[in-house]
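Written below as structure tokens is the structure these notes are about.
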Amino acid sequence: MGMKISVEQSVEAAELRSKAVNERFSGTGIIAETVLHADGVVGNRGRKGYAFIRVNTPPQHWVALAKWLKFDQKVNHCSMITGTHFPDGNPERGWEVVAHLMALPIKNVRPNSCTKYNPESMDIAEIPSEYEVIISLPQGEKPSVPSVQSVWAGADWNEKETWDLVGIQFSGHENMFRVLNPHDSPPDFHPLQKQHKIRYHDFNEMYDDPQGFLRKPADEGRVK
């Protein structure tokens with residue numbers, strides 16, 4: 001039967017890791033806090049789920065933070081990088097990049113062997129932890145953040161996808177190209193930017209109206 005860490009263990013680990021971020025980057029504008037997931041288990045409404053570390057960082061410190069997280073805090077997995085456009089936001093938040101990271105107790109093992117963890121006896125530094133790193137960007141037509149492709153291999157595709165869909169540049173990324181839109185899409189076309197009324201070039205509102213109700217007369221196909 002499998003075992004899992006407790007909510008209390010996850011909170012303790014997240015608090016320890018949040019404190020480490022704040023102590024290491026004090027005065028830089030990088031701020032970490034411990035946040036609890038809402039518990040999605042049926043019947044547990046009002047209860048809180050596992051903890052994660054939310055970090056807000058200025059874009060110019062993102063690479064330094066990423067390298068420190070990987071090499072000092074053993075954050076070894078980049079699971080997702082996403083972007084959002086806020087054209088009606090305040091001047092300091094026109095765009096936002098969010099990176100989801102994990103610190104997992106993964107070790108190289110000898111062939112034909114495995115490492116078995118007992119959650120009750122795990123050191124607090126070994127408890128799996130989740131990070132949510134938020135990078136806010138000012139209003140403007142050319143949003144850009146430094147790439148962390150060289151830090152986590154998993155950032156490669158995620159940065160491509162975020163640029164392709166949202167148009168946020170990742171400076172220093174090697175071999176950037178479209179991965180979801182056609183390669184011959186107009187250079188400045190990124191369908192998740194809010195100014196696009198038709199979400200996909202030369203197609204009728206693929207995202208805004210997936211059922212097609214707005215594209216067909218209400219009585220089309222009826223016998224008259």
_Just to verify a result, which residue in segment 52-78, among those that are in a strand (DSSP E or B) and not aliphatic (A, V, I, L, M), is nearest to LEU104 (Cα to Cα)?_
HIS77
*Output the qualifying pairs, or none if there are none: Cβ atoms under 6 angstrom, residues six or more apart or on different chains, first residue in segment 91-116 and farther than 25 Å from TRP68 by Cβ, second residue loosely packed, with under 10 Cβ neighbours inside 10 Å and of a type in the set (Lys, Arg).*
THR115/LYS107
*Close pairs (9 angstrom Cβ cut-off, 6 or more residues apart or separate chains): closer than 22 Å to PRO119 by Cα and open to solvent by 50 Å² or more (accessible area, probe 1.4 Å) in segment 11-31, part of a helix (DSSP H, G or I) and of a type in the set (Val, Ile, Thr) anywhere*: GLU12/ILE124; LEU16/ILE124
_Whether any residue in segment 104-119 is open to solvent by 20 Å² or more (accessible area, probe 1.4 Å) and not in a loop (DSSP other than H, G, I, E, B) is what I want to check._
no
*Among the numbered criteria (1) open to solvent by less than 50 Å² (accessible area, probe 1.4 Å); (2) of a type in the set (S, T, N, Q); (3) in contact with a Pro (Cβ under 8 Å, 6 or more places away or on another chain), which single criterion is violated by THR162?*
(3)
*Whichever residue in segment 46-94 is open to solvent by 10 Å² or more (accessible area, probe 1.4 Å) and among the aromatic types (Phe, Trp, Tyr) and, among such residues, is farthest from ALA32 (Cα to Cα)*: PHE86
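The values are calculated or read from the model by the stated rules, or taken from the named source; none is laboratory data. All values reported here derive from a predicted model rather than from experimental measurement. Heads up, the Cβs are rebuilt from the backbone with ideal geometry, glycines too, and the neighbour counts pull from every protein chain shown. For the accessible areas, the whole protein counts, side chains as well, though only heavy atoms, and no ligand, DNA or RNA atoms are used. Shrake-Rupley method; radii C 1.70, N 1.55, O 1.52, S 1.80 Å.
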